[in-house]
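Asker: Dumping the structure here so I can ask a few things about it.
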Amino acid sequence: MWLRRSCVVLIMLLSQTAFASFGGQVFYRGGFSSLKESRGGQVFTDTGGANGLNDKKNGWNIGAGLDLPMFTEMGPGDLLGEVMVEYVRYSKQEVRVATSALLSGSDNSRVTVSALNVLIAPKYKFSGFLDGKLRPWIIPVGLSFLVNSPPTNNTTYLDIGYHVGAGIEYAIIENLSLGLDYRATLSFHENDIDTSYSTFSFYAGINF
């Protein structure tokens, strides 16, 4: 009984126009990713190719984020502040394990080449078309904090990067939008390798 009442209350809240009038959004996204340069042949990715290369560059991503309204009706749109966390996987091959080779062993295992991106950026969302239901947006500049796995040959794994993106979304109902976007993160090479990558993703946003 309590579950039914909770669902009714939630539906009533979602049906109120005022609930989505502030311009904020919680979104969940996933799609395709592409690493600029392969990490195959490194020590911790595949032990220098001792038993095959872990060199795939194209994979997938999954993430979630929050858009917070900053300035509404700023020109032809609204300025939001985006905070997003994204996991990206590029390659996962069965290769020689570096720690095993270090101990003169020959163990093989599937090693995942991946990255975690924590992003903070301004997002400009245009007022839109079709009575405001269709809204394009851009991120002209953002700051990414990158955690790369496995570590590089010099055993470092942290990096920072410059982030840009653009997308478009459509409000199915007042409180639910579906969209797609393209993003690129350009690394600063703080860990002495280029871990720049791009994504093409679909997302669902809960508007508030």
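Asker: Whether any residue in the stretch 80-88 is among the hydroxyl-bearing types (Ser, Thr, Tyr) and closer than 21 Å to residue 182 by Cα is what I want to check.
Answerer: Looking through the stretch 80-88, at least one residue is among the hydroxyl-bearing types (Ser, Thr, Tyr) and closer than 21 Å to residue 182 by Cα.
Asker: Still on this structure, I have one more. For the structure I just gave you, tell me whether residue 151 is at pLDDT 95 or above and either of a type in the set (A, V, I, L, M, F, W, C) or farther than 17 Å from residue 45 by Cβ (or both). Don't jump to the end; show me each part of the working.
Answerer: Working: at pLDDT 95 or above: yes; either of a type in the set (A, V, I, L, M, F, W, C) or farther than 17 Å from residue 45 by Cβ (or both): no.
Answer is no for this residue.
Asker: Follow-up question, since we're still on this one. Quick check: is even one residue across the stretch 166-179 surrounded by 15 or more Cβ atoms within 10 Å (Cβ to Cβ), closer than 30 Å to residue 44 by Cβ and not basic (Lys, Arg)?
Answerer: No; the residues of the stretch 166-179 include none that is surrounded by 15 or more Cβ atoms within 10 Å (Cβ to Cβ), closer than 30 Å to residue 44 by Cβ and not basic (Lys, Arg).
Asker: Just need a number here: residues in the stretch 34-83 that are under 20 Å from residue 98 (Cβ atoms) and either among the acidic types (Asp, Glu) or free of Cβ contacts under 8 Å to residues at least 60 places away in the same chain (or both). Steps first, please.
Answerer: From the stretch 34-83, those under 20 Å from residue 98 (Cβ atoms) are 35, 37-56; that's our starting set.
Right, trim to either among the acidic types (Asp, Glu) or free of Cβ contacts under 8 Å to residues at least 60 places away in the same chain (or both) and you get 37-38, 40-41, 46-56.
Residues meeting the conditions: 15.
Asker: Return a yes/no flag: does the stretch 74-84 have any residue that is assigned to a loop (DSSP other than H, G, I, E, B) and either out of contact with any Pro (no Cβ under 6 Å at 6 or more places or on another chain) or surrounded by fewer than 20 Cβ atoms within 10 Å (Cβ to Cβ) (or both). Steps first, answer last, please.
Answerer: Residues of the stretch 74-84 assigned to a loop (DSSP other than H, G, I, E, B): 75-76.
Within this subset, residues satisfying the condition of being either out of contact with any Pro (no Cβ under 6 Å at 6 or more places or on another chain) or surrounded by fewer than 20 Cβ atoms within 10 Å (Cβ to Cβ) (or both) are 75-76.
Yes: one or more hits.
Asker: What about residue 171, is it under 14 Å from the mean Cα position of the chain (by Cα) and part of a strand (DSSP E or B)? Step through it out loud before you land on a result.
Answerer: On the way: under 14 Å from the mean Cα position of the chain (by Cα): no; part of a strand (DSSP E or B): yes.
No.
Asker: Mind checking which pairs have a first residue in the stretch 137-156 that is under 25 Å from residue 181 (Cα atoms) and in a strand (DSSP E or B) and a second that is modelled with pLDDT of 95 or more and of a type in the set (Lys, Arg), Cβ under 7 Å, 6 or more apart or different chains?
Answerer: Correct list of pairs: 137/123; 137/125; 139/123.
Asker: Between 100, 33, 38, 104, which is in a strand (DSSP E or B) and of a type in the set (Ser, Thr, Tyr)? Talk me through it step by step, then tell me what you get.
Answerer: Numbers: 100 fails: in a strand (DSSP E or B); 38 fails: in a strand (DSSP E or B); 104 fails: in a strand (DSSP E or B).
Result: 33 is the single residue among 100, 33, 38, 104 that is in a strand (DSSP E or B) and of a type in the set (Ser, Thr, Tyr).
Asker: Could you tell me which residue of the stretch 182-208 is farthest from residue 147 (Cα to Cα), considering only residues that are touching a Phe, Trp or Tyr at 6+ places or on another chain (Cβ under 8 Å) and part of a loop (DSSP other than H, G, I, E, B)?
Answerer: 208
Asker: Shifting gears a bit: Checking residue 107 against (1) surrounded by fewer than 16 Cβ atoms within 10 Å (Cβ to Cβ); (2) modelled with pLDDT of 95 or more, which single condition isn't satisfied?
Answerer: (2)
Asker: Out of 157, 162, I need the residue that is among the hydroxyl-bearing types (Ser, Thr, Tyr) and under 17 Å from the mean Cα position of the chain (by Cα). Which one?
Answerer: Values: 157 fails: under 17 Å from the mean Cα position of the chain (by Cα).
It is 162.
Asker: So which residues in the stretch 121-144 are of a type in the set (A, V, I, L, M, F, W, C) and surrounded by fewer than 14 Cβ atoms within 10 Å (Cβ to Cβ)?
Answerer: Residues of the stretch 121-144 of a type in the set (A, V, I, L, M, F, W, C): 121, 126, 129-130, 134, 137-139, 141, 143.
Correct list: 129, 130, 141, 143.
Asker: A follow-up question, please. From the list 136, 69, which one is farther than 25 Å from residue 186 by Cβ, at pLDDT 95 or above and out of contact with any helix residue (DSSP H, G or I) (no Cβ under 9 Å at 6 or more places or on another chain)?
Answerer: Numbers: 136 fails: farther than 25 Å from residue 186 by Cβ.
Unique residue meeting the criteria: 69.
Asker: When you scan the stretch 178-192, do you find a residue that is basic (Lys, Arg) and within 18 Å of the chain's Cα centre (by Cα), even just one? Can you show your working first?
Answerer: Here is the first cut: in the stretch 178-192, the residues basic (Lys, Arg) are 183.
Cutting the leftovers down to within 18 Å of the chain's Cα centre (by Cα) gives us 183.
Taking every residue of the stretch 178-192 in turn, at least one turns out to be basic (Lys, Arg) and within 18 Å of the chain's Cα centre (by Cα).
Asker: Kindly evaluate residue 11 against the criterion of being of a type outside the set (Phe, Trp, Tyr) and modelled with pLDDT under 95. Talk me through it step by step, then tell me what you get.
Answerer: Numbers: of a type outside the set (Phe, Trp, Tyr): yes; modelled with pLDDT under 95: yes.
So residue 11 fits the description; yes.
The values are calculated or read from the model by the stated rules, or taken from the named source; none is laboratory data. Quick caveat, the model's predicted, so the values are computed rather than measured. Quick reminder, even Gly has a Cβ in these numbers, built from the backbone with ideal geometry, and neighbours come from all protein chains shown.
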